[in-house]
Amino acid sequence: MTTGLPDEAMRELLQERVGRIHLQVRLGIERNYERKIFGQGRNFFHIENWYSARSLIRNCLRLVLLHGRGQRNARRIEVRHNPVSIAGLPGAFENYTILQISDPHLDMAPDFPHELIKVIREVDYDLCVLTGDFRADTFGPFAATLEGIQLVRTHLLGEVYGILGNHDSICMVPGMESMGIRMLLNEQVALVRGDDTIYLAGIDDPHYYRADNLEKAADAIPSGAVSILLAHSPEIYRHAAHADFNLMLCGHTHAGQICLPGGIPLMCNVDCPRSYCAGAWEYHGLKGYTAAGSGACVVDVRLNCPPEVTLHQLHCA
């Protein structure tokens, strides 16, 4: 199956799932703007759609004898810990731990799913969230991607929620939800522990497809309730802060993926300040975290920028 061409049964299923207009818009953009290198989205240049970049980057790294090291680095996934203090956090959610997996690009290399599984089997958490970019390419078939997701899903415990990234087709949603991954497409859910409740919202890709609808995702959340937003890219941080979210978890940037010594990124591929492109940040009371991702994009290498999965532990401020 190719992006933008779901069969009739899938179209009906998706229309019931996300609504007619959202589906039309998402499929139309996928079809009309796939492979576009310049324009569309929130920034002008999209290196992930420039397929000549793959051989160019590989050859440059081979010339300086860094290609092999970069490939080994891309398989050494680290576990990062991010304590988050939230005012008014209900007592039942003290020490509540969220495992974030972002940008796995599972079909980039055959061993990517297995390297990720090694790490997630060793960590403890209460909830898992997947913040997009499951596919290596930005268009075309995704059967291999779903196979990789299924491999990883069998090792994830408890509830798993996800959102779509700029590499993902909305046609992947039925397959992912059949695995027990609840996709949040401009939606929210209540997370309940005992008598206490917090809210988890997720938006469709705000970077390239710009199919995000923050109002639809947040409107049903009670005023004053603690809420967490999943967004593929940090570029929507201002809107998230003014929508009164307490915590925003995102990815997309890979923290640069290929960086200078000291972790200085050559490119982050987003339209926002560099300070929001990696790790923890804060804006007008909104706590945020931009994950470096567990996978790699364009080429399966990393330099001075290790891949990660992240454990966010919540505490009452």
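Among all residues of the range 182-191, there is none that is crowded, with 18+ Cβ neighbours inside 10 Å, basic (Lys, Arg) and within 30 Å of ILE29 (Cα to Cα).
Residues that are basic (Lys, Arg) and within 25 Å of ARG238 (Cα to Cα) are absent from the range 161-184 altogether. Could you list, in sequence order, the residues of the range 86-96 that are under 24 Å from TRP281 (Cβ atoms) and surrounded by 15 or more Cβ atoms within 10 Å (Cβ to Cβ)? Hits for the range 86-96 are ILE86, LEU89, PHE93, TYR96. Each residue in the range 100-113 was checked for being in contact with a helix residue (DSSP H, G or I) (Cβ under 7 Å, 6 or more places away or on another chain), in contact (Cβ under 8 Å) with a residue 60 or more places away in the chain and surrounded by fewer than 24 Cβ atoms within 10 Å (Cβ to Cβ), and 0 pass. Within the range 25-59, the set of residues being modelled with pLDDT of 80 or more and exposed (fewer than 13 other Cβ atoms within 10 Å of the Cβ) comprises GLY28, ASN59.
For the range 291-317, how many residues meet the condition of being crowded, with 22+ Cβ neighbours inside 10 Å, of a type in the set (Gly, Ala, Ser) and in contact with a Ser or Thr (Cβ under 8 Å, 6 or more places away or on another chain)? Qualifying residue count, the range 291-317: 4. Among the residues of this structure, CYS277 counts as one that is crowded, with 20+ Cβ neighbours inside 10 Å, farther than 23 Å from ASP107 by Cα and touching a Ser or Thr at 6+ places or on another chain (Cβ under 7 Å).
The values are calculated or read from the model by the stated rules, or taken from the named source; none is laboratory data. Quantities reported herein were computed from a predicted structural model and do not represent experimental measurements. Here the Cβ is made from the backbone with ideal geometry for all residues, glycine too, and neighbour counts use every protein chain on show.
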